[in-house]
Amino acid sequence: MDFMQVFFALPRSQKRLVSVIIDTVFIITAFFSAIAMRLDNFQVLYDAHYWLFMPIVCSASLYVFAKLGLYRAVLRYMGLQALTAIVAGVLMSTLTIVLTAYFTGLSLPRTVPIIYAAFALVFVGGSRAVVRAVFGNGIKRVGEHVIIYGAGVSGRQLVTSLAQSSEYRTMAFVDDDPTLHGTVIQGVNVHSPSIIRKLVQQYGASKVLLAMPSASHSRRKQILMTLEPLAIQVLTIPATCDLVSGNKVYSDIKQVEVDDLLGRDTVAPREQLMAANIKGKSVMVTGAGGSIGSELCRQILNYSPKKLVLYELSEYCLYSIESELRGQAELLNIKVEILPVQGSVQKENRVLAVMESFNVQTVYHTAAYKHVPLVEQNVVEGVRNNIFGTFYTARAAIAAKVETFVLISTDKAVRPTNVMGATKRMAELVLQALDKETHDTRFCMVRFGNVLGSSGSVVPLFRSQIAAGGPVTVTHPEITRFFMTIPEASQLVIQAGAMGEGGDVFVLDMGAPVKIVDLAYKMIHLSGFKVIDDRTAEGDIAIQFTGMRPGEKLYEELLIGDDVSGTAHERIMTAHEVMLTWEVLEPILDKLDLACHEFDHRVIRDILLTTPIGFNPSDGICDLVWLERNKDKIDTPDTKVVSFASRKSS
């Protein structure tokens, strides 16, 4: 072993020289062993004629070995290419012996070349196989014990990658294919998933590695539902697209994405709809640095717009998305003019100047304040940004003769119980009213629920709480939410925008609502922990119920009424709901604008309550500045307000 350690420590050129010398000894030994076996004596060792043509045989063999890359292969990790080189080299060596013996007239029994070939394969090939088995980590006994789910090509690649490090040791495969059960792949036994609990206990496995990058969302979800009760950490290898592109390798193991738990099989986007408002056009995205805005920009870039205007208030977010998109455009060789523009949607003259300067044809309006508790605490800013920001941007679009304007709305706009939802419903009414006026701009809006991984989402919050050891906080045991992945939501938004005829309210099929406490349980279990039992106090991480936040609903809805019809896309519906004419809505906006200017929260709330948007607040006025100014008056019985501090502690 000490000799081999010294050998592996040598420079590459010296290791090749040692390998050549050893192979030369093997070839000579194989030849004389073959003759000795055939003649049943060792007198041949003293015959000079046999020694004279050894240089010819060795040179031919070593030449073939070298040309086929045997000496470039790393001994500990050699594979099929090295085996091919060995077989070809031995065959060439055997042929050289036969031809040399024939042309020199040397007496050589006919069976000697066959025996020689067998010995040479054993010596040259067998020695390397032993080295690989002993030193190639193939029988590694160190590392964290893991089980690989999936014994297909990806699983085999993964076990090979893991064998190169001391971090993990593969104890078993499990696979759904019954024909693989009981087989051995790369020294690892393959078992049925039905006994995975037994395997975890038997081998003391701490992790299950999911090696099924091509599996559908529904299949991955089924597997994770099976593994979740084990309270064992589940990791996964990268997606197939990342592996093929070279961005990731099999050993880049990561945490299970929550969209594997909640997601569904995606429907391929319809290229005609995706490109209709984008290809060759000047496209503007407001709020381009946000979660939805940035993903929209990524999707838009793939369909070759002429110009992509990134309109964003945050300097950091604007810089980040611009840098990312420029890199993506260069990588994909997409010719597009990317224009980072800093500004607020509340400044109509700025928005109009941008639209006119760059001849904007399509607008995706994502800029909004969307966090329910923050808007409850900052009412005027929420109203100004969400309602008037949308109004000013839409009016600028009309003046600039924009062709298509798509508003990103939310399920919280349906029968809103909070200011954020009320402002988004008002924004919908603004666009519907404007659409009926005479102009060249087509307005539509797309309404959907929570997106996985967006800023403020519950998923990254839960993940950070689990990493910190808990507790994981949930507001209410019965609270539910709709979820969708950001890429799917963005693709559906673009397609819905292409189908709009004017004033349309599109609703995305979000699937079934998810109980948040169930999501918390799954994330804890799949991270390898157990939830603390309230009765026995056994477990690792607690789930703590903190109470409903101001303006929060137990469940969200996507439709105000039942008047909904399908579209050409199976996951996009169009809702037919109450709308107001501009003559009715304009004076309401004027009063709301004045109330915001005068910081009159009672009037603001009264306007939101009396406008037909279904606003039914679950709390009183929670604006922090207003509460501080009126802290001596908020206890009067006729004032529907709430002390946010007391609400928060309840």
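Met484 versus (1) assigned to a strand (DSSP E or B); (2) at pLDDT 85 or above: which is the lone unmet condition?
Going through the list (1) assigned to a strand (DSSP E or B); (2) at pLDDT 85 or above, Met484 breaks only (2).
Within the bounds of segment 161-178, is there any residue that is among the charged types (D, E, K, R), more than 29 Å from the chain's Cα centre (by Cα) and loosely packed, with under 13 Cβ neighbours inside 10 Å?
Among the residues of segment 161-178, not one is among the charged types (D, E, K, R), more than 29 Å from the chain's Cα centre (by Cα) and loosely packed, with under 13 Cβ neighbours inside 10 Å, which makes the answer no.
Considering only segment 486-508, state which residues are closer than 21 Å to Lys412 by Cβ and in contact with a His (Cβ under 9 Å, 6 or more places away or on another chain).
Leu492, Ala496, Val505, listed by residue number.
Considering only residues that are at pLDDT below 90, in contact with a strand residue (DSSP E or B) (Cβ under 7 Å, 6 or more places away or on another chain) and among the aliphatic types (A, V, I, L, M), which ones fall in segment 453-481?
Answer for segment 453-481, where residues must be at pLDDT below 90, in contact with a strand residue (DSSP E or B) (Cβ under 7 Å, 6 or more places away or on another chain) and among the aliphatic types (A, V, I, L, M): Val459, Ile466.
Consider segment 579-626. How many of its residues are farther than 25 Å from Met548 by Cβ and among the acidic types (Asp, Glu)?
Residues in segment 579-626 being farther than 25 Å from Met548 by Cβ and among the acidic types (Asp, Glu): 6 in total.
Taking strands (runs of 3 or more DSSP E) that fall entirely within segment 508-613, which contain at least 1 residues that are in contact (Cβ under 8 Å) with a residue 12 or more places away in the chain and in contact with a Gly (Cβ under 9 Å, 6 or more places away or on another chain)?
Here the list reads 543-545, 572-575.
Do we find that Ser13 is under 58 Å from the mean Cα position of the chain (by Cα) and at pLDDT 80 or above in this structure?
In short, no.
Does Phe483 meet the test of being among the aromatic types (Phe, Trp, Tyr) and under 21 Å from the mean Cα position of the chain (by Cα)? Break it down into steps so the answer makes sense when it comes.
Working: among the aromatic types (Phe, Trp, Tyr): yes; under 21 Å from the mean Cα position of the chain (by Cα): yes.
When the stated conditions are applied, Phe483 passes them.
Looking at (1) in contact with a helix residue (DSSP H, G or I) (Cβ under 7 Å, 6 or more places away or on another chain); (2) over 20 Å from Val351 (Cα atoms); (3) of a type outside the set (Ser, Thr, Tyr), can you tell me which one Leu431 breaks?
Against the list (1) in contact with a helix residue (DSSP H, G or I) (Cβ under 7 Å, 6 or more places away or on another chain); (2) over 20 Å from Val351 (Cα atoms); (3) of a type outside the set (Ser, Thr, Tyr), Leu431 comes up short only on (2).
Can you name the residue in segment 461-515 that is buried (at least 20 other Cβ atoms within 10 Å of the Cβ) and among the hydroxyl-bearing types (Ser, Thr, Tyr) and, of all such residues, is nearest to Ile292 (Cα to Cα)?
Ser490
Take the residues in segment 29-70 that are among the β-branched types (Val, Ile, Thr) and either under 14 Å from Val90 (Cβ atoms) or not assigned by TED's automatic domain parsing to the domain that holds Ser127 (or both); name whichever of them is surrounded by the most Cβ atoms within 10 Å (Cβ to Cβ).
Restricting attention to segment 29-70, the residues satisfying the condition of being among the β-branched types (Val, Ile, Thr) are 29, 35, 44, 56-57, 64.
Checking which are either under 14 Å from Val90 (Cβ atoms) or not assigned by TED's automatic domain parsing to the domain that holds Ser127 (or both) leaves us with 29, 57, 64.
Working: Thr29: 13, Val57: 24, Val64: 19.
Taking the candidates together, the pick is Val57.
Among the helices (runs of 4 or more DSSP H) contained in segment 308-401, which hold 1 or more residues that are in contact with a strand residue (DSSP E or B) (Cβ under 6 Å, 6 or more places away or on another chain) and either buried (at least 24 other Cβ atoms within 10 Å of the Cβ) or among the acidic types (Asp, Glu) (or both)?
Where helices (runs of 4 or more DSSP H) fall fully within segment 308-401 and carry at least 1 residues being in contact with a strand residue (DSSP E or B) (Cβ under 6 Å, 6 or more places away or on another chain) and either buried (at least 24 other Cβ atoms within 10 Å of the Cβ) or among the acidic types (Asp, Glu) (or both), they are 315-332, 389-399.
Find the helices (runs of 4 or more DSSP H) located wholly in segment 199-303 whose residues include 3 or more that are at pLDDT 80 or above, and list them.
In segment 199-303, 217-227, 271-276, 291-301 are the helices (runs of 4 or more DSSP H) which contain 3 or more residues that are at pLDDT 80 or above.
Could you go through segment 143-151 and let me know if any residue there is surrounded by fewer than 18 Cβ atoms within 10 Å (Cβ to Cβ), at pLDDT 85 or above and over 30 Å from Asn41 (Cβ atoms).
Checked against the condition, which is being surrounded by fewer than 18 Cβ atoms within 10 Å (Cβ to Cβ), at pLDDT 85 or above and over 30 Å from Asn41 (Cβ atoms), segment 143-151 yields at least one hit.
In segment 50-59, what residues are touching a Leu at 6+ places or on another chain (Cβ under 8 Å) and in a helix (DSSP H, G or I)?
Selection gives Tyr50 alone.
One line per residue, one yes/no per condition, for (1) assigned to a helix (DSSP H, G or I); (2) outside the structural domain of Thr236 (by TED's automatic domain parsing); (3) among the hydrophobic types (A, V, I, L, M, F, W, C):
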| position | (1), (2), (3) |
| --- | --- |
| Leu106 | no, yes, yes |
| Ala151 | no, no, yes |
| Gly155 | yes, no, no |
| Leu158 | yes, no, yes |
| Ser166 | no, no, no |
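With the requirement that a residue be assigned to a helix (DSSP H, G or I) and under 30 Å from Lys436 (Cβ atoms), what does segment 487-507 give you?
Ala489, Ser490, Gln491, Leu492, Val493, Ile494, Gln495, Ala496, Gly497, Ala498, Met499
Could you tell me whether any residue of segment 458-465 is part of a helix (DSSP H, G or I), over 18 Å from Lys515 (Cα atoms) and touching a Leu at 6+ places or on another chain (Cβ under 6 Å)?
no
Any residue at all in segment 392-414 that's farther than 22 Å from Gly614 by Cβ and of a type in the set (Lys, Arg)?
Yes - at least one qualifying residue is present in segment 392-414.
Just name the residue that is nearest to Pro113 (Cα to Cα) out of those in segment 22-49 that are charged (D, E, K, R) and assigned to a helix (DSSP H, G or I).
Arg38
If you go through segment 402-452, how many residues are out of contact with any strand residue (DSSP E or B) (no Cβ under 8 Å at 6 or more places or on another chain), without any contact (Cβ under 8 Å) to a residue 60 or more places away in the chain and charged (D, E, K, R)?
Adding up the residues that qualify gives 1.
The values are calculated or read from the model by the stated rules, or taken from the named source; none is laboratory data. Nothing here was measured: the structure is a model prediction, and the numbers come from that model. For neighbour counting, all protein chains shown are included, and Cβ atoms are generated from backbone atoms with ideal geometry for every residue, glycine included.
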